[in-house]
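Only one structure is covered here, and it is reproduced in the block below.
The values are calculated or read from the model by the stated rules, or taken from the named source; none is laboratory data. Keep in mind that what you see is a predicted model, and the values were worked out from it rather than measured. Glycine gets a Cβ as well: all are built from the backbone with ideal geometry, and neighbour counts include every protein chain shown.
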Amino acid sequence: MNTIRDVIQNETPTDVILFITRGTGVSHPQIDRLYTQSNWIHLGDCNGLLNLIKKMIDEGLIKEEGGGYVKGPKWTAPKFMLEEKYTFNNAS
């Protein structure tokens, strides 16, 4: 079983954000929390996250909607999703 922490540690922040916006979307505080708990791995700090989010919005990968981020018009599944690299246990 893998966890979102495995994904955060092993994949690029762009791919992580694409992954977590694939469904109903995600709020900025949720993304911030994931990276804060992972010591800002691959981003450096909160400014790195803000810059990445802005770049992804500008590129159309994600968009702001309903108080969070959702798939944008140019959203694509990250390679690790297509390869089914991770398995998640949805049991409570």
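Remarks
- Which numbered condition residue 63 misses (of (1) in a loop (DSSP other than H, G, I, E, B); (2) at pLDDT 95 or above): (1)
- Only listed residue being without any contact (Cβ under 8 Å) to a residue 24 or more places away in the chain, over 22 Å from residue 10 (Cβ atoms) and surrounded by fewer than 15 Cβ atoms within 10 Å (Cβ to Cβ), chosen from 64, 83: 64
- Of the residues making up the range 66-90, those that are part of a strand (DSSP E or B) and of a type in the set (Gly, Ala, Ser) number 1.
To keep it simple, each residue is scored yes or no on (1) over 20 Å from residue 67 (Cα atoms); (2) part of a helix (DSSP H, G or I).
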position: 5; (1), (2): yes, yes
position: 9; (1), (2): yes, yes
position: 14; (1), (2): no, yes
position: 17; (1), (2): no, yes
position: 23; (1), (2): no, no
position: 29; (1), (2): no, yes
position: 32; (1), (2): no, yes
position: 42; (1), (2): yes, no
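- Residues satisfying the stated conditions in the range 23-47, i.e. small (Gly, Ala, Ser) and in contact (Cβ under 8 Å) with a residue 24 or more places away in the chain: 25, 27, 38
- All conditions but one from (1) surrounded by 12 or more Cβ atoms within 10 Å (Cβ to Cβ); (2) farther than 20 Å from residue 8 by Cβ; (3) not hydrophobic (A, V, I, L, M, F, W, C) apply to residue 58; the one that does not is (1).
Each row is one residue, and each column tells you yes or no for (1) more than 10 Å from the chain's Cα centre (by Cα); (2) more than 17 Å from residue 85 (Cβ to Cβ); (3) surrounded by 15 or more Cβ atoms within 10 Å (Cβ to Cβ).
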site: 3; (1), (2), (3): yes, no, no
site: 8; (1), (2), (3): no, no, yes
site: 11; (1), (2), (3): no, no, yes
site: 23; (1), (2), (3): yes, yes, no
site: 29; (1), (2), (3): yes, yes, no
site: 43; (1), (2), (3): yes, yes, yes
site: 46; (1), (2), (3): yes, yes, no
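- Residue check, residue 71 surrounded by 15 or more Cβ atoms within 10 Å (Cβ to Cβ), touching a Leu at 6+ places or on another chain (Cβ under 9 Å), free of Cβ contacts under 8 Å to residues at least 60 places away in the same chain and among the basic types (Lys, Arg): yes
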